[in-house]
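Here is the structure we will look at.
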Amino acid sequence: MPTDNPANNSDQNRRENFRIDDLLATSVQKIENGVLPVARIIPVALSDSGRLGGGLNPLPHEIDPAFALMLLEANAKLDLLFEFYKLPRFKEEKDLRPSMTQLLLQINTKLDSLLDFHLIARRKETTRVGEVSLSASGIKLTSPETLAAEDLVEVHMLLSTDQPCWVVIGGSVARVTPLPEGGSQVAIQFAMTNGIVQDTIATYALKKQKEQLISKRWLEP
């Protein structure tokens with residue numbers, strides 16, 4: 001008769017609770033009928049949302065000064081639009097030498113704000129790229145939709161694994177923190193799901209942490 005192995009249980013708990021800060025394409029939608037979705041993995045090649053970047057090769061822009069200058073100019077022009085329309089400013093760290101990732105995130109967030117201000121609907125998807133805190137047991141992200149604690153939700157997230165894929169998973173809202181620029185920061189607890197989905201998220205988080213540590217070592221003087 002099989003018995004529980006404390007060492008295996010401890011390792012599983014560490015994997016489930018391990019959390020990584022990352023930039024991900026995600027969407028979250030409130031479930032009105034009370035039926036959680038079937039947790040599943042959709043390879044990008046089979047998804048209509050593959051155009052959002054799942055299969056793209058990285059661009060060599062980190063070493064291209066001309067590309068960096070264009071991003072800085074685009075960001076400055078968006079700042080002028082925010083001043084013209086008197087839009088609320090979101091929290092933005094002042095960095096004289098921001099990375100390309102930071103610049104792209106700022107530009108993308110400002111474009112989202114302008115679309116929302118003009119009530120311009122996005123095609124099909126409500127997916128946005130933004131900062132998240134992810135583990136196999138839950139996710140913290142920014143949502144433009146009005147949500148409340150204990151709401152049931154469906155989450156989609158694009159993971160750049162060896163085979164990029166969308167992970168679809170249900171859960172419940174644990175905490176909601178309104179943001180001054182609009183929307184809210186939402187902490188979501190994933191519902192109990194199959195081991196494949198949990199392992200995919202946990203493996204991605206561990207791999208991402210390793211990449212971040214290696215990148216940090218390269219950047220250290």
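Just a few scattered comments:
- When each of 51, 128 is tested for being surrounded by fewer than 17 Cβ atoms within 10 Å (Cβ to Cβ), among the basic types (Lys, Arg) and at pLDDT below 80, the lone residue that passes is 51.
- Residue that is farthest from the chain's Cα centre (by Cα), among those in the range 144-177 that are modelled with pLDDT under 90 and under 23 Å from residue 110 (Cα atoms): 146
- Wholly within the range 138-211, strands (runs of 3 or more DSSP E) carrying at least 3 residues that are assigned by TED's automatic domain parsing to the domain that holds residue 24, buried (at least 21 other Cβ atoms within 10 Å of the Cβ) and out of contact with any strand residue (DSSP E or B) (no Cβ under 6 Å at 6 or more places or on another chain): none
The values are calculated or read from the model by the stated rules, or taken from the named source; none is laboratory data. Here the structure is a predicted model, which is why all the values come from computation and not from measurement. Using ideal geometry, Cβ is built from the backbone for each residue, glycine included, and neighbour counts are taken over all protein chains shown.
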